[in-house]
Each structure stands twice: as C-alpha cells, then as structure tokens.
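Everything on this sheet refers to the single structure shown next.
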Amino acid sequence: MTPSAWTRGAHPVPNPSPGSAVQRGNDRRGAHRARLAAQTVTVTVGGKLVDAVGSDVSLGGMRLMAARPARVGDEVSLVFFLDGDIVCGRGTVRWCARTVHDLFSFGVSFTAIEEDGQSLLARYCLGSVS
C-alpha cells in the first residue's frame, strides 16, 4: 500500500497490556467504553462507503450499527466527530451480528488513528467516566 495524504501522520494504536481486559463473562474489552449519542460514522469497507451509527467508543475501538454487514477480518477506515473535532482512523472488524431489526452491529478494533485523534479519544473517554 502506498502512503497517501490520508495515511501520512497516522499513529499506531498501542495494544492493551496483557491481562488488562475486563473479565466479566465474555467481555474482554481492554478499555472503558464511552457512550455515543447516535454518532454518525462514515466507514469504508472493501472500498465501499457505508454510513453507520456509533454506539460506543474506547481508545481501542468502536461499536457500530449499519444496514450492511462487515466480515470479521475486514480492514476499514473510519471518520467521525467527537465534541466537534474530526477523528480519522483505521481498524479491523472483530465481530459482526444481525440485530432484531435486521441491521448489523459490529465491533472495530483500531489499528491507527490520525494526528491528534488519540488524545481526542482519551479526553472523550475519560470525560465519560462518572
């Protein structure tokens, strides 16, 4: 893959430290999830744009809902706003499930976040902790 204007300046997302995941049932999240209020997210999956709604976000990833499914292992790019600031990143689909309303919910693990997006995510997630 050739670097583009979009990929220049992208910063890899650090992996959570071993043993840091929450161990309640099957929940193996490595970071606190902050709720999003019907946040629109533009996702590119397999070269196609997909409009999605984000329901929660963490430093490590995001849960999305869309009319089209994504396959586990798909590499995606995402663009969304947090508190008025744009966040661009890349990630990998980790799971996908059909909802009762015939939509698709899927989880994306971030692999890279552009520019100051990592600090925006940290500030947003920390601000949601009560």
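Per Stokes-Einstein, at 37 °C and 0.692 mPa s, what whole-number D in µm² s⁻¹ belongs to the range 41-130, with the Kirkwood radius over Cα pairs as the hydrodynamic radius? Calculated translational D: 250 µm²/s. Peptides 55-64, 109-118 ranked from most to least packed, by the mean per-residue count of other Cβ atoms within 10 Å: 55-64, 109-118.
Shape descriptor for the range 82-124: Rg over Rh equals 1.10 (Cα atoms; Rh from the Kirkwood inverse mean 1/r).
Contact order for the range 28-125, expressed relative to its length and based on alpha carbon pairs under 8 Å spaced 6+ residues apart, stands at 26 percent. Packing, as the average of other Cβ atoms within 10 Å across residues, places the peptides 81-87, 95-101 in the order 81-87, 95-101, highest first.
Here, each number is a calculation from the coordinates, and none is a lab measurement. Please read all numbers here as calculations on a predicted model, not as lab measurements. For neighbour counting, all protein chains shown are included, and Cβ atoms are generated from backbone atoms with ideal geometry for every residue, glycine included.
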